[in-house]
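Reviewing the structure listed below.
The values are calculated or read from the model by the stated rules, or taken from the named source; none is laboratory data. What you see is a predicted model; the values in this text were computed from it and never measured. Every residue, glycine as well, gets a Cβ built from its backbone with ideal geometry; the counts of neighbours run over all protein chains shown. The area values use the complete protein model at the heavy-atom level, side chains included, leaving out ligands, DNA and RNA. Shrake-Rupley method; radii C 1.70, N 1.55, O 1.52, S 1.80 Å.
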Amino acid sequence: MTYLCNQSPGIRQTADDTPEQTRRHPCYSREAHHQYARMHLPVAPQCNIGCNYCNRKYDCVNESRPGVTSEILTPVLAEQKFIVVKEKIPNLSVVGIAGPGDALANWDNTREAVLRIKQSNPEMIFCLSTNGLLLPHYAPEIVELGIKHVTVTLCTLDPATGAKIYHYVYYQGKKYEGLEGARILLENQLTGIRYLAQRGVLVKVNIVMIKGINDSEIPSVVKKARQLGAFMTNIMPLIPAEGSAFAQLPPTNLQELNQMRDLCQIDLRQMRHCKQCRADAIGLLGEDRSREFYNGQSGQAPKQNQSMAMQPINGERGRVQ
Ligand code: CLF
Ligand code: SF4
């Protein structure tokens, strides 16, 4: 298998060299989250892996709250909705693509939506969230597009643990299960994070803390994220989604979550203000206004328990040599 890059690990970004853009990013900057709003474009319905904490009826748990539905937009409708939202929310600084499936598993939509908005709004900050499987394929385009903020969910460095978290990985037209799938995913996540960080992209690593599954491994995941050049980690609580394989697991206790963040803060800055927002969230992190904008440009009313029809896909491009 060929890799994008096998150079030495990148240099971690520090507070001093944080770009001006990041100071206006409500997730990357705690100070910014009361001042600046973000808008998610739900243009990415498909996913290419099966997380055991995910119920496909709902949004991606990596970047959204389970049990809350979203509309799906084409890039054209997403641009139209953006124009309406920007008019009403002048402090909008970030346009993010966070599902409801995976931003890279729907790359054509993701890229088109970014390009359309970027053309007339070059000052906008663009942000993607991904499970990382397709980073070795699309990271060069992400860099070319000038996207400076990418979130990768990385829950473990051990394929044996990965096999407990992911029930399949669909990659290059083939479905992999167990250890095999977990190894492919892990390898691509690590390669992609390193590649992006070395090229000045601020990578946030999201880690879902799952008691009894990966909790004891989280400090080593954070250390690895640092070594690869990530900007910060966001240790998130498991929200056991009804109907998912992990539905019966206990939700992560806030005290344990904060203890873990305190422990990991020694190695890398920690995000502590994440709201696990929906894939079509709009507004300040703590004040979702997405409902105000339904029936606007998309013409689609929100549906309860809408199925996102996230299918395994096979439209991947060739890996960069
Ligand atoms: Fe969206 Fe994620 Fe970008 Fe933020 S959310 S793609 S980095 S603009 Fe933010 Fe929401 Fe937490 Fe995500 S509060 S779930 S960390
Ligand atoms: Fe669900 Fe895919 Fe997100 Fe995992 S990466 S939580 S399977 S949508």
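Using only the Cα atoms of the stretch 129-221, build the gyration tensor, take square roots of its eigenvalues as a ≥ b ≥ c, and label the shape rounded, prolate or oblate: rounded if a/c is under 1.5, else prolate if a/b is larger than b/c, else oblate. Working shown, then result.
Details: a/c = 2.60, a/b = 1.39, b/c = 1.87.
Cα axes put the stretch 129-221 in the oblate bin.
Volume per residue for the stretch 222-300 equals 153 cubic angstrom (convex hull of Cα atoms).
By the rule of a C-alpha distance below 26 Å, with chain neighbours fewer than 8 residues away ignored, the lysines paired with residue 174 are 57, 164.
Would you please classify the overall shape of the stretch 174-253 from the alpha carbon gyration tensor, given that a ≥ b ≥ c denote the square roots of the eigenvalues, rounded means a/c under 1.5, and beyond that prolate means a/b larger than b/c while oblate covers the rest?
Numbers: a/c = 2.29, a/b = 1.42, b/c = 1.62.
Oblate shape, in that a/c is at least 1.5 and b/c is the bigger or equal ratio.
Annotation for residue 187 and residue 175: the two label points, set 7 Å from Cα along the Cα-Cβ direction, are 2.2 nm apart. Here the stretch 130-271 exposes an accessible surface that is 50 percent carbon and sulfur, computed with a 1.4 Å probe and the other protein chains kept in place.
Counting heavy atoms of the protein chains alone, residue 51 has an accessible area of about 10 Å² for a 1.4 Å probe.
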